[in-house]
Amino acid sequence: MSPFSAEIIGTMFMILLGNGVVANVVLNGTKGNNSGWMVITTAWAFAVFVGVVIAGPYSGAHLNPAVTVGLALADKFNWALVPTYIAGQFIGAMAGAFLVWLFYKDFYAGTPDQGAKQATFCTAPAIPNTVSNLISEIIGTFVLIFVIYYFTDAKMGADNTPIGLGSIGALPVAILVWVIGLSLGGTTGYAINPARDLGPRIMHAILPVAGKGGSNWGYAWIPVAGPLIGCAIAAFFFHLMK
């Protein structure tokens, strides 16, 4: 598998399972309807785990333009590869959103709430406030990227022999996403990932979702700009503290 295809497939699985849990919780008639924020944040965390397990051996499993740009800004990733990775992430996010729509297609018609339908694709603020919403996405992404910089391979003994943790080595990033969702996710839905929000938002606009309403394009720039600003700030402090 090439890094490009790994980013597509890893991001697709992440969005299928992440937006899938939102659909399961907010759409009327599902077995998981109204099961709450803990269910959403937990499943989103493990959706990230699944994506990282799939893509990790081939691309490093960025699955997020903010991660790709943030690593490049920290001199941990080749800038020449950034466009390819981001393209893969957007393709994967759109494919994942399509699969969620296909899977839950029968339940959209029975859900009158347009905001709930939109939530199965992309984020929206709990209280619309441009400055506050942007700050939320900046801080959430700052935490994500800054902590990722300090993830290390497990080693043992005086000679620092690497410990082969296999797929469980993807668990730290899942825990990180989980705590961001639980602690900082209530304001904007913690996009913290431009591809995760914009790719599915495009699919919301394109797909024939019953009674969907608009795609809230006036807000759409915040889940893109906020994470990119957040990753740049994280890179600045990483360089400052080296």
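The values are calculated or read from the model by the stated rules, or taken from the named source; none is laboratory data. From a predicted model like this one, the values you see are computed outputs, not experimental measurements. So basically every Cβ, Gly included, is an ideal-geometry build from the backbone, and we count neighbours across all protein chains shown.
Laid out as a table, the results:
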read-out: Residue tally, condition out of contact with any Leu (no Cβ under 9 Å at 6 or more places or on another chain), within 20 Å of Ala126 (Cβ to Cβ) and surrounded by fewer than 20 Cβ atoms within 10 Å (Cβ to Cβ), over the range 1-41; value: 4
read-out: Residues of the range 128-149 satisfying the condition of being within 17 Å of Val179 (Cβ to Cβ), at pLDDT 95 or above and not β-branched (Val, Ile, Thr); value: Ser136, Glu137, Gly140, Phe142, Leu144, Phe146
read-out: Leading residue by the ranking (surrounded by the most Cβ atoms within 10 Å (Cβ to Cβ)) among those in the range 121-134 that are over 21 Å from Asn34 (Cα atoms) and touching a residue at least 24 places away in the same chain (Cβ under 8 Å); value: Asn133
read-out: One residue from Gly92, Gly96, Gly115, Gly51 being more than 18 Å from Ser2 (Cα to Cα), among the small types (Gly, Ala, Ser) and under 14 Å from the mean Cα position of the chain (by Cα); value: Gly96
read-out: Long-range neighbours under 7 Å by Cβ, at least six apart or interchain, first residue surrounded by fewer than 19 Cβ atoms within 10 Å (Cβ to Cβ) within the range 104-120, second modelled with pLDDT of 95 or more and not aromatic (Phe, Trp, Tyr); value: Gly110/Asn28; Gly110/Gly29; Gly115/Ala124; Ala116/Val26; Ala116/Leu27
